[in-house]
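Here's the structure we're looking at; comments come further down.
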Amino acid sequence: MKVRSLAELKSLQKLIAQRAAADAAAREAERLRLQRIERERRLFELAVGPVKPLNDHRRVLHPPRQVAPEPRQRQLDENAVMREALSDEFDVETLLHTDEALSYRRPGLGPDVTRKLREGHWSIQKHIDLHGLRTDEAREALGRFIREAHQLGLRCVRVVHGKGLGSPGRTPVLKGRVQRWLVQKKEVLAFVQARLAEGGAGALVVLLRPVGR
């Protein structure tokens, strides 16, 4: 490197001195580190006595055991399908209470539950409309809706099944099936026909079991 002036020479000398000081500091830090390691080793020997390294020539290394992946998601999906395996042949008629409109409540619940449900004591928090769905699609959609609403901690939901005015013979297709499916759901405590403003004969208001019960 060509030095053109005294100022540059001084700057170069200063840089060299700084580098030398840094190198010296690094060497001193390494010396102290090795000294500390040696001191700790001697303290260990004083505490436990003389030690001798173990021979590892007989050491056997076993290859890690291959564990077959557990199809956890598939199991969850299959369990969900089983939970939604709601029967269309379930006899719901004997469980329905006949008053001014059909209603259902689980055994052990008093009539005040369905009365309050009909009067709007619980606010409807979510609803599902099954219009236009085939029977299998409606069954799956309803089962998933009830399960997810219960997991969210919702207490009151509305299920719109329609009045069947557009069905052949103007006979409701889903109404009876929805009642059968709801009775089979463990999350369901009761249901009543919706008030006129909420869908009337084309919908049900459903009371769900509290989470954890």
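Each reported figure results from applying straightforward, stated rules to the coordinates on display, with no laboratory input. Here the structure is a predicted model, which means the values were calculated and not measured. FYI the Cβ positions are ideal-geometry reconstructions off the backbone, even for glycines, and counts take in every protein chain you see.
Please turn the phi angles of segment 156-162 into ³J(HN,Hα) values with the Karplus equation 6.51 cos²θ - 1.76 cosθ + 1.60 (θ = phi - 60°), one per residue in order, whole Hz, x for glycine and proline.
9, 9, 10, 10, 9, 10, x
What does the highest-first list of 121-128, 204-211 look like by mean Cβ count within 10 Å? Write down the numbers at each step before the final one.
On the way: 121-128: 14.4, 204-211: 20.4.
Descending mean neighbour count gives 204-211, 121-128.
Counting only residues 5 or more places away or on other chains, whose amide H sits under 5 Å from the amide H of residue 208 once H atoms are built in the peptide plane?
156, 157, 189
What does the charge add up to near residue 121, with Lys and Arg as +1, Asp and Glu as -1, over the other residues with Cβ less than 15 Å from its Cβ?
On the way: positive: 105, 115, 116, 118, 155, 158, 195; negative: 112, 119, 198.
Computed value for this residue: +4.
In whole Å, what three semi-axes, largest first, describe the equivalent ellipsoid of segment 108-152 built from its Cα gyration tensor (square root of 5 times each eigenvalue)? Intermediate values should be presented prior to the final figure.
Details: eigenvalues 127, 30, 27 Å².
Square roots of five times the eigenvalues give 25, 12, 12 Å.
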